[in-house]
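One structure is given here, and the rest of the page talks about it.
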Amino acid sequence: MSRTWTFVITALLTSALQGPVGAQPAPAGTGHWVGSIDAGPGLTVEVDLARQGADAWRGTITIPPQGVKGVPLGDIAVKDGTVEFTIKGPQGQPHFKGQLSEDGKTLSGTFTQGGGSVPMAMTWKGEPQFEATVKNAAVSPALLGTWEGTLDVKGTALRLVLTLANGPDGATGTLVSVDQGGAEIPVTKITEKGSHLSLTVSMISGGFEGDLKDPELAGTWTQGPLSLPLTFKRR
């Protein structure tokens, strides 16, 4: 099946969870789930789910072998022992549908993407483990706006669009890989020191270190073992 998971820059229900005495039990399906997608060699996955409000859910998926961390889940539905969700970003409309065991400790079902389907099973390992949100200091006006650059990955050109903005809680950023489906990836950490800019994109285990040499941001993109030159120009 298609492995469009890999970003070069490029995822319950009768739970016996009990809180402290007097506390309400956690909603069925809540938790940190660990298992694998049976696609050739097992692909380890970690899924975190938590209900927010009467019907809304929050969820993320992490795929350690591919350096993918905390990718948001969408269309989460938990009802009558069945759990469904989609994974935002990758091509092929990745989707999972599974059934909880009677004790609510295992979740087994099918993962589909791009027309292919494979088994996927997970085991409950505890409370959800969502990554804490990082608050960044505001950045200078010279860095604000939209930037575009191109990575040369072994002869393949990958266009990237970086957007930086200041908001009430400080600087925020997004990165889009135009040639890989256009998924919007949040920039986790933004640090400015003089003319130097440091970006961390934890969702794909990536980062950028560069210097503002108006009108360019010239530096290096790193991701796993990759270290590639990258220059952003104002779009």
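The values are calculated or read from the model by the stated rules, or taken from the named source; none is laboratory data. These numbers come from a predicted model, not from an experiment. Glycine gets a Cβ as well: all are built from the backbone with ideal geometry, and neighbour counts include every protein chain shown.
Details
- Condition met for residue 59 (surrounded by 14 or more Cβ atoms within 10 Å (Cβ to Cβ) and not hydrophobic (A, V, I, L, M, F, W, C)): yes
- Residue check, residue 97 among the basic types (Lys, Arg) and either closer than 12 Å to residue 122 by Cβ or at pLDDT below 95 (or both): no
- Within the range 51-79, being modelled with pLDDT of 90 or more and either acidic (Asp, Glu) or closer than 16 Å to residue 109 by Cβ (or both) holds for 59, 61, 73, 75, 76, 77, 78, 79.
- The set of residues from the range 110-163 being farther than 19 Å from residue 62 by Cα and in contact with a helix residue (DSSP H, G or I) (Cβ under 8 Å, 6 or more places away or on another chain) comprises 157, 158, 159, 160, 161.
- Residue among 75, 80, 103, 55 that alone is touching a His at 6+ places or on another chain (Cβ under 9 Å) and of a type in the set (D, E, K, R): 75
- The single condition among (1) within 14 Å of the chain's Cα centre (by Cα); (2) part of a strand (DSSP E or B); (3) closer than 16 Å to residue 34 by Cα that residue 58 does not satisfy is (3).
- Taken over the range 124-133, the criterion of being assigned to a loop (DSSP other than H, G, I, E, B) and either among the basic types (Lys, Arg) or surrounded by 13 or more Cβ atoms within 10 Å (Cβ to Cβ) (or both) is satisfied by 125, 127, 128, 129, 130, 131.
- When 84, 102 are checked against the criterion of being part of a loop (DSSP other than H, G, I, E, B), of a type in the set (Asp, Glu) and more than 28 Å from residue 187 (Cβ to Cβ), 102 stands alone in meeting it.
- Complete set of residues in the range 134-148 that are among the small types (Gly, Ala, Ser) and outside any helix (DSSP H, G or I): 137, 138, 140, 145
- Subset of the range 153-174 [modelled with pLDDT under 95 and either under 18 Å from residue 210 (Cβ atoms) or surrounded by 20 or more Cβ atoms within 10 Å (Cβ to Cβ) (or both)]: 153, 158
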